[in-house]
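K.L.:
Handing you a structure now.
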Amino acid sequence: MKKIPFSSRRHFLVQGAAALGFPIIVPRSVFGSAGRPAPSERITVGCIGWGTIAGDWTPSFLNNEKCQVVSVADPMKEYGHYGYDGKETGGREAGRKIIDEHYSKAANKPTKGCAAYADFREMMDKEDLDAVQVSTPDHWHAYMAVYTARKGKHIYGQKPLALNVAEGRLISDEVAKAGVTWQTGSQQRSDIYFRMACELVRNGRLGKLNRVRVGLPGGHSNWNGMANQTEVAPVPADFDYEMWLGPAERIDYRPALLPLNWRHNFAFSGGMITDFGAHHIDIAQWGIGTENTGPIELKNVSGTLDLKSLYNTATAFRFDCLYENGVIMQVASPDHQLMPEVEATIKTSAGKKPFDHVGVLFEGDAGKWIYVNRGKIMASDPAILREKITDTEIHLYESKDHTDNFLSCIYSGKPTSTPAEISHRSITIAHLANIALRTGSSGLKWNPQTETIEGNEAASALLSKPWRKPWTL
């Protein structure tokens, strides 16, 4: 971090805090130890990328008194069709307006303190930032992580961690080397139900854990409403498409790709397997206790995908993961009806409500199980959920607010609830499944220590991917 005299940005933040009605934070020193802001300092945050996810998650930064969002960078100036309903507006000007409107409302007077940039590098050079929120498509995650970590900035990086296994390893290593705070946007780690389920499993409330079933969404969602516009088209005005592509392979602009539907193209993302696998496979790893390793084999891999289509990621899939401790993790899209026991229980106890396949089912001895998804936790016997975790048992990392956990760890220097290494290990499993599907492999032998695939050269070649020139670091 740069040592900025109090008379510059720090003075601005003190005045701005007063104007916005926040507590006036008077610095005891310009910076704390080890390149971290002092506890009396507000953390300045820049947003890299302003689309669906940034629109959803930046309010958690705007409403936190530990920080102030001061800038946004996006190669698109302003454009519609964003959001999961395709009805929101994205781009740097949309982000700037939202940020300024928020602080203006808090101050009860017009405030124009947010700067907008087309190029994130210009923002990094001109703004005195402590941290960044990276909300770009997946193909940018590794480049952004390395670039900002080497500048000493703390990073909230949206999931999935990286586009491939090699990039995930790069992120974890570079973040550790730089000594910056990292939080992956896997917010389920800050949800009480997911932590509760994993603590009960880790403390033997199901007896010996035998199997974990993970349900993920399938299909190709048409979030932007333009999935039928697959022909090459003129690039919209005020959009630097070359910057958007960045290190990814060049694919001519098509409305069907942008916004958000890029998740279905393998040049930019891994489809639903990585999109939601980053959440639920991560929870499965947490419950199994394999956060810093992974399975030794993927078996029974099958799926449906069209490699020649613009949307060339899997729409349906199934794969099994074998761990060294004997636990089996089965992952599948809804068409496989992975959890009939839970579905039957829901129909019996709550009427015939639709069963949400997307979740995690932990299975132990004597038919005992715990099922958890967003907003729901269930067990084969409700008494299991009432059992207390004693002081001498395993207590998993407790975070009640994912953004606040990140900001607090910037001050303290302690690990966040979802460090890069943990996210790398979880998303690696999703990457391996995609590799198997794309190479027509029914299984892969995986060495989690060396992070290598054994005996399959075609699959091994997909563990990494070169960046398009001139994007190098």
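Nothing in this text is a laboratory measurement; each read-out follows from the coordinates by a stated rule. Everything numeric here is computed off the predicted structure, so don't read it as measured data. Here the Cβ is made from the backbone with ideal geometry for all residues, glycine too, and neighbour counts use every protein chain on show.
K.L.:
Residue by residue through the stretch 395-410, which ³J(HN,Hα) values in whole Hz follow from phi under the Karplus form 6.51 cos²θ - 1.76 cosθ + 1.60 (θ = phi - 60°), with glycine and proline marked x?
P.N.:
For the stretch 395-410, the Karplus curve yields 10, 7, 3, 9, 9, 9, 8, 5, 6, 5, 4, 4, 5, 5, 6, 4 Hz.
K.L.:
Still on this model: Rounded to the nearest 0.05, what FRET efficiency do Lys151 and Arg211 give with R0 = 45 Å and r taken as the Cβ-Cβ distance? Could you check?
P.N.:
Using R0 = 45 Å, I get an efficiency of 0.50.
K.L.:
What angle, in degrees between 0 and 90 and rounded to the nearest 10, separates the Cα long axis of helix 92-107 from the longest principal axis of the Cα atoms of the chain?
P.N.:
Here the helix axis deviates by roughly 70 degrees.
K.L.:
Using the number of other C-beta atoms within 10 angstrom as an exposure proxy, rank Asp240, Asp130, Asp74 with the fewest first.
P.N.:
Placing the least packed residue first, the sequence is Asp240, Asp130, Asp74.
K.L.:
Further question on the same structure: Note down the Stokes-Einstein diffusion coefficient of the stretch 285-428 in µm²/s, whole number, using a Kirkwood radius over alpha carbon pairs, 4 °C, and 1.567 mPa s.
P.N.:
71
K.L.:
Could you pull out the pairs from Lys308/Lys445; Lys177/Lys299; Lys97/Lys159; Lys66/Lys112; Lys66/Lys109; Lys97/Lys151 whose alpha carbons sit more than 30 Å apart here?
P.N.:
Lys177/Lys299
K.L.:
While we're here: In nm, give the distance between the simple-model label positions of Gln229 and Lys400, each being 7 Å from the Cα along the Cα-to-Cβ direction.
P.N.:
4.5
K.L.:
Run the helix sum for the chain: -39,500 (n - 2.57) per DSSP H stretch of 4+ residues, divided by residue count, reported at 222 nm to the nearest 500 deg cm²/dmol.
P.N.:
-9000 deg cm²/dmol
K.L.:
Using the alpha-carbon atoms, what tilt in degrees (0 to 90, nearest 10) does helix 141-150 show relative to the longest principal axis of the chain?
P.N.:
It works out to around 50 degrees.
K.L.:
If R0 is 35 Å, what FRET efficiency do you get for Tyr241 and Ser464 from their C-beta distance, rounded to 0.05? Show your work: numbers first, answer last.
P.N.:
Values: r = 25 Å, r/R0 = 0.71.
Working from the Cβ atoms, E equals 0.90.
K.L.:
So how much slack lies between Asn203 and Glu101, counting 0.36 nm per residue of separation and subtracting their Cα-Cα distance, in nm? Spell out each step's value before the answer.
P.N.:
Details: separation 102, 0.36 × 102 = 36.72 nm, distance 4.72 nm.
Roughly 32.0 nm would be gained on extension.
K.L.:
Helix 420-438 versus the longest principal axis of the chain: what is the Cα-based angle in degrees, 0 to 90, to the nearest 10?
P.N.:
Roughly 60 degrees between the two axes.
K.L.:
So how far apart, in nm, are the two label points at Tyr84 and Thr293 if each is 7 Å from Cα heading toward Cβ?
P.N.:
3.5
K.L.:
Each residue of the stretch 295-310 in turn: what ³J(HN,Hα) in whole Hz from Karplus with 6.51, -1.76, 1.60 and θ = phi - 60°, glycine and Pro shown as x?
P.N.:
x, 9, 7, 9, 10, 6, 7, 8, x, 10, 7, 10, 5, 8, 7, 4
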